[in-house]
1. So GLY51 passes all but one of these: (1) touching a residue at least 60 places away in the same chain (Cβ under 8 Å); (2) under 16 Å from the mean Cα position of the chain (by Cα). Which condition number does it fail?
2. List the number of the failed condition for THR108; all other conditions in (1) more than 16 Å from the chain's Cα centre (by Cα); (2) within 23 Å of ILE5 (Cα to Cα) hold.
3. Select from segment 5-33 the residues that are part of a strand (DSSP E or B) and charged (D, E, K, R) and write down the one among them that is least open to solvent (accessible area, probe 1.4 Å).
4. Please find, among ALA97, ALA7, ALA101, ALA13, the residue that is small (Gly, Ala, Ser) and closer than 12 Å to PHE152 by Cα.
5. Cβ-Cβ below 6 Å, separation at least six or inter-chain, first residue in segment 111-140 and more than 20 Å from GLN151 (Cβ to Cβ), second open to solvent by 70 Å² or more (accessible area, probe 1.4 Å) and assigned to a loop (DSSP other than H, G, I, E, B): which pairs?
6. Hey, can you tell me all the residues within segment 61-73 that are open to solvent by less than 10 Å² (accessible area, probe 1.4 Å) and within 16 Å of TYR162 (Cα to Cα)?
7. Does GLY89 fit the bill of being in a loop (DSSP other than H, G, I, E, B), free of Cβ contacts under 8 Å to residues at least 60 places away in the same chain and within 15 Å of the chain's Cα centre (by Cα)?
8. Looking for something open to solvent by 100 Å² or more (accessible area, probe 1.4 Å), within 17 Å of PRO86 (Cα to Cα) and modelled with pLDDT of 75 or more - is there at least one such residue anywhere in segment 153-171?
Amino acid sequence: VREVIVATEGFEADLGPGWVVTSDNLEAFVGRWLGWGHDSDFSLAMRGDFGGLAPALNEAVWPVDLSGLTGARLSFWLAAGDKEQPFDGQFDGSYPADGIAISRDGITWHPIFQTPTDFDWVFKPFEVDLAAAAAAAGLALGPNFQIKFQQFSPEGQAGQRYWDHIILIGVVAAVQEDWYGFTLEAGQPATLVATHQDR
């Protein structure tokens with residue numbers, strides 16, 4: 001087997017094609033942020049209502065194509081400082097929590113990463129075995145796979161989370177190659193025929 005980088009996002013430019021960001025609070029913010037990142041001045045920021053007047057759920061969905069992969073890993077850097085809001089299992093649509101969830105239809109989501117709280121505003125690296133998480137959720141790797149990053153601030157809190165240097169690493173089966181060799185004497189004729197046989 002061999003590993004390949006399927007997709008990467010460092011937020012150095014506008015969000016790549018396909019990203020969909022939403023918030024249910026007009027006073028909150030979700031999107032590319034200039035001013036703080038893991039190894040640059042940019043990241044994906046999710047910030048709650050700074051007035052603390054209403055709860056805020058920020059979501060960023062990243063569609064990826066995992067066709068032909070036998071495995072996949074998701075690595076990223078994350079900084080936060082607010083109180084953790086946990087998932088409560090599989091959900092449809094949206095759920096007020098902090099972390100990452102995956103889906104094949106964009107309707108039913110399966111949490112795969114619950115953000116811890118011991119950050120103190122320091123970027124830290126994380127990695128999720130995406131293939132194992134998908135298998136546990138009964139999802140096959142393939143096209144139209146969706147990864148949702150999210151952050152929730154309850155009423156009275158103005159939570160913040162910053163995601164950066166997201167890399168999707170795929171595992172593919174190595175291509176089997178057959179090599180044959182022979183030696184001919186000078187002037188000795190030879191006939192070669194190439195055929196293909198399904199295995």
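1. All conditions are met except number (2).
2. Of (1) more than 16 Å from the chain's Cα centre (by Cα); (2) within 23 Å of ILE5 (Cα to Cα), only one is false for THR108: (2).
3. Taking the candidates together, the pick is GLU9.
4. ALA97
5. These pairs meet every condition: LEU139/ARG104.
6. If the condition is that a residue be open to solvent by less than 10 Å² (accessible area, probe 1.4 Å) and within 16 Å of TYR162 (Cα to Cα), then no residue fits.
7. Working: in a loop (DSSP other than H, G, I, E, B): yes; free of Cβ contacts under 8 Å to residues at least 60 places away in the same chain: yes; within 15 Å of the chain's Cα centre (by Cα): no.
Taking the combined requirement at face value, the residue does not satisfy it.
8. Looking for residues that are open to solvent by 100 Å² or more (accessible area, probe 1.4 Å), within 17 Å of PRO86 (Cα to Cα) and modelled with pLDDT of 75 or more, one finds at least one in segment 153-171, hence yes.
The values are calculated or read from the model by the stated rules, or taken from the named source; none is laboratory data. Predicted model, so just to flag it, every value in this text is computed and none were measured. Counting neighbours? That spans all protein chains shown, and the Cβs are built from the backbone with ideal geometry, glycine included. Only protein heavy atoms, including side chains, enter the accessible area calculation; ligands, DNA and RNA are left aside. Shrake-Rupley method; radii C 1.70, N 1.55, O 1.52, S 1.80 Å.
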